[in-house]
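Everything on this sheet refers to the single structure shown next.
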Amino acid sequence: MDEGALGQQYADGEVICRQGEPGDRMYVIQAGRATVVREEGGTEVVVRELIAGDVFGEMAIFERQPRSATVRAKGTARVLTLDKRAFLRGVHEDPSLAYGILQAMSQRIRSLTEELSRLKSKG
């Protein structure tokens, strides 16, 4: 991992955060891409792909729970890390930051609700 002026650079396949580890910060993809995977019974399931501008790990800002998934760089990726203090400072300086996080969380909840509905209608 190469530390830069803004964020950190990760090589292809390098783990940014790991499922099950304690979470106390969130991340923003500044450049590149990353893959979110979840281990299910010894098998990795790709949950989604992240691109520049995407935020992940934000639940750790609100609740200190273990990470629900592993995120790996896909190619070279530059990622900014924000702990709770930096996040709150950012929200204080620019409240639209909080709106953006809530919007992303709302979209994920909607997507999960639709997926759950599809799965229930099949069974």
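FYI, it's all coordinate maths here, none of it is from the lab. All of these numbers come straight from a predicted model, not from anything done at the bench. Every residue, glycine as well, gets a Cβ built from its backbone with ideal geometry; the counts of neighbours run over all protein chains shown.
Values for this structure:
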{"read-out": "Reach of Lys122 by Cα under 14 Å, taken over aspartates and glutamates that are not fewer than 8 positions away in the same chain", "value": "Glu114"}
{"read-out": "Under 15 Å, Cβ to Cβ, from Ala104 - net charge with Lys/Arg +1 and Asp/Glu -1", "value": "0"}
{"read-out": "Percentage of interatomic Cα-Cα distances in the chain larger than 22 Å", "value": "38"}
{"read-out": "Simple Cβ-charge dipole of the chain, Lys/Arg +1 and Asp/Glu -1, about Cα centre, in debye nearest 20", "value": "380"}
{"read-out": "At R0 = 22 Å, FRET efficiency that the Cβ-Cβ distance of Ser121 and Val47 yields, to 0.05", "value": "0.55"}
{"read-out": "The chain - mean residue ellipticity at 222 nm from DSSP helices (-39,500 (n - 2.57) per run, n ≥ 4, rounded to 500)", "value": "-10500 deg cm²/dmol"}
{"read-out": "Inter-centroid distance (Cα atoms) of the stretch 88-123 relative to the stretch 12-45, Å", "value": "18"}
{"read-out": "Cβ-placed point charges (K, R +1; D, E -1), dipole of the stretch 58-107 about Cα centre in debye, nearest 20", "value": "300"}
{"read-out": "Packing-based order for 55-62, 96-103, using average beta carbon neighbours within 10 Å, highest first", "value": "55-62, 96-103"}
